[in-house]
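Structure record follows, encoded as structure tokens.
The values are calculated or read from the model by the stated rules, or taken from the named source; none is laboratory data. Computed from a predicted model, the values in this text were never measured in an experiment. Glycine also receives a Cβ, built like all others from the backbone with ideal geometry; neighbour counts cover every protein chain displayed. Accessible surface areas use protein heavy atoms only, side chains included; no ligands, DNA or RNA. Shrake-Rupley method; radii C 1.70, N 1.55, O 1.52, S 1.80 Å.
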Number of protein chains: 2
Amino acid sequence: MGGPPDGRYDALVIGGGIIGLVTAWRAALRGLRTALADPAPGGGAAWVAAGMLAAVTELHYGEQTLLGLNMASARRYPDFVAELEEASGQDVGHRACGTLAVAFDADDRAHLRELHTFQRGLGLESEWLTGRECRRLEPMLAPGVHGGLRVSGDNQVDPRRLTAALLTACERAGVAFHRARAERLLLDGDRATGIELAGGTRLTAERTVLAAGSLSGRLAGVPDDVLPPVRPVKGQVLRLSVPERYAPFLSRTVRAVVRGGPVYLVPRENGELVIGATSEELGWDTTVTAGGVYELLRDAHEVVPGITELPLVETCAGLRPGSPDNAPMLGPTALPGLLLATGHHRNGVLLTPITGDVMAEALTSGELPPEARPFTPRRFAAPAATPSPAQEQHP
Amino acid sequence: MGGPPDGRYDALVIGGGIIGLVTAWRAALRGLRTALADPAPGGGAAWVAAGMLAAVTELHYGEQTLLGLNMASARRYPDFVAELEEASGQDVGHRACGTLAVAFDADDRAHLRELHTFQRGLGLESEWLTGRECRRLEPMLAPGVHGGLRVSGDNQVDPRRLTAALLTACERAGVAFHRARAERLLLDGDRATGIELAGGTRLTAERTVLAAGSLSGRLAGVPDDVLPPVRPVKGQVLRLSVPERYAPFLSRTVRAVVRGGPVYLVPRENGELVIGATSEELGWDTTVTAGGVYELLRDAHEVVPGITELPLVETCAGLRPGSPDNAPMLGPTALPGLLLATGHHRNGVLLTPITGDVMAEALTSGELPPEARPFTPRRFAAPAATPSPAQEQHP
């Protein structure tokens, strides 16, 4: 381990989840001497996530600026995957399967119809289907399905494989891993100069990136006005498996709103079927609860009754890094030498490619590229100066 | 391992579940040179079971003969536990907490009222409570509870601890463990003389007890007319845990019939809350399914809504050894040298003490004690000669 010859890195990334890993990988590819600190790199929220790349189906009113970033990242996915698979020698389970969002009652249908109109108005690809057309695509759907939206561009990746491939790619690109917890940001006057690890080791760097997911708001030594306003948003997720005799059980991601909450079923090519996800604001708790599992099974059962026959293989829970406007914080902070890459909330997997590119650019040039400027962390530090992306209303 | 000095055991038990273990322990205590064959003793259906000792609340019409055996075993439980805990030096989690069976609607209530009358007619202790009285005993009960039966004598034991203690007691009593699968019963003329293990080792014994749970019908070499008619009845079970801040969540076993199926919640003193159980006839399948977990959570949630807050710690499935009349097969078969101790279906844990006593007597004297005679395996081999206990109707 230890640092580079002169004891100082160009870039030091705090956090070994997908966002920290992609930042470190992309920085190292630009020739920066890069280090990453995490007691167990490869963990984090992506270990739990389903891996939907749902820029279009997860569109929300008032989040058009975020949509732009999501779409830009979705467009980069095929090339990103090709490059990562080449660099790591590993398959990441990227599947261009599309997504089907279905409606059960008149309310649901009206809602989806509105979403469809909104999507079309923004020039997004999205096709309205009748209930019968939905069931023709996915015969396991409940008979009560009365219509749906087919979004061919909303695909999926396997976040566990993605994480593993990023780890390997980082190692091959020469990223130095420090397997310890970052205890404290080091300052020299008004400049961040590195971190102190649990155990006392100090790492110094020209630029430090805080990419610790939902923990990013808890690093000691970060001045209050720079500390990112992230909070943990718990998600519980189930993993079922589809026995050979039922395959293909589903051919694409299926989602619906049941009792006001979203539920989705993501079928992998390897027979895994991921069902997610709860959204709970309970602090740092990552317990799998009877209630979480019950609601996921109940809602998924309403959409695809046949899931009852499938083995339940795994239950788990993770913490999304929620931000005040549901958009990430990317790039330089008001503290020279400290950058952020956190607050990705539900979109961490989707935003992985563009986050890597944007952060590598910011680490190299000191500036955010234009497409990322609305996501500067400074929008929260100085609310009067920069409007939040979520507050820019669609006409 | 190997056999005793002269190469021949007095008693050889096939199967290391609770029934096999208690048989071997009690036989060894009588001075019999005893061996037990099982690739992994201490497993079996008891590893999954909730451990209700529910002689009175699980009473069914037409099963009064079985009730007699169940009650006799329940009466022996306190002394049995004391002796086993002394012999093993281990606590088995026996808890004299009683059981509350609750009703939700008029139908349930009528059903429970009838059961109450039936119980009282048989001289069993059982008290009718109003909904309010039920909730005073168990404040976590759903508001919809309209009455219930309190059965103070239906207690619980922790089957995993019971199994572990029986294993230790067997070892201390000198039972020889052969950790291999029994492949075939050995015969000499019309007499069973022992078994051949996987790998080819042969064990010989004066008397061999087939106590392999739901697998008891599959041992090669057993003549067709002696092979026990057991079948696997799958049960899925959940284990939740009660955090300190919610304790005591429940103070006694709570059961109900929801949508026609029984559900029970068994609270342990160590904070475990066991929810069971499905009853599925699917052959040898022990998969935990999305549907099994869903139904248990749905039904338990209807009885005790607050379970949603509790961590879900474990899901598992086991196979009960079902018999044609739901009663066990105990004692000598028509084949000299071969005895059975199997077919305990839902009552294996409850019937453990009396099974040990009865089998030790049969192994020593060759005869079943009077209380066990209705459960001779011969009732199936010669249906005309001995009526099945389940067919003796209550007037």
Simple SL model, points at 7 angstrom along Cα→Cβ for B:Glu281 and B:Ala247; separation in nm is 4.3 nm
For chain B, Rg(Cα) over 2.2 N^0.38 Å is 0.99
Here FRET efficiency (C-beta to C-beta, A:Ala220 to A:Arg298, R₀ 30 Å, nearest 0.05) is 0.10
Those helices of chain A passing the 15 Å axial Cα length cut-off and the mean Kyte-Doolittle cut-off of 0.0 (DSSP H runs only) are A:18-29, A:352-365
Interface buried area A-B, accessible surface with 1.4 Å probe, both sides summed, nearest 100 Å², comes to 1300 Å²
With all protein chains present, the stretch B:25-66 has a carbon and sulfur share of its accessible area (1.4 Å probe) in percent of 59 percent
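Can you give the local net charge around A:Gly174? Use residues other than it whose beta-carbon is closer than 14 angstrom to its beta-carbon, Lys and Arg +1, Asp and Glu -1.
Values: positive: A:Arg26, A:Arg30, A:Arg33, A:Arg172; negative: A:Asp10, A:Glu171.
Every neighbour counted, the sum reads +2.
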Here, B:Arg76 and A:Ala198, labelled 7 Å along Cα→Cβ, have an inter-label distance in nm of 5.3 nm
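Can you tell me, using C-alpha contacts under 8 Å and at least 6 residues apart, the relative contact order of chain A as a whole percent? Provide the component values of the computation, followed by the final result.
Numbers: 926 pairs, mean separation 95.0, N = 395.
Dividing the mean separation by the residue count of chain A yields 24 percent.
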The stretch A:176-262: relative contact order from alpha carbon pairs under 8 Å, six or more residues apart, as a whole percent, is 18 percent
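Given a 1.4 angstrom probe, what's the average accessible area per residue across the stretch B:16-148, in square angstrom? Provide the component values of the computation, followed by the final result.
Values: 5600 Å² over 133 residues.
Normalised by residue count, the accessible surface of the stretch B:16-148 is 42 Å².
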Looking at the stretch A:296-310, residues buried by 30 Å² or more relative to their chain on its own, accessible surface at probe 1.4 Å, turn out to be A:Leu297, A:Thr308
Share of accessible surface on carbon and sulfur in the stretch A:82-147, whole %, 1.4 Å probe and ligands ignored, is 48 percent
Using alpha carbon centers only, the stretch B:295-325 is separated from the stretch B:105-135 by a whole-angstrom value of 23 Å
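Leaving out ligands, DNA and RNA, and with a 1.4 Å probe, what % of the accessible surface on the stretch B:173-306 is carbon or sulfur?
Values: 2450 of 5350 Å².
The computed percentage sits at 46.
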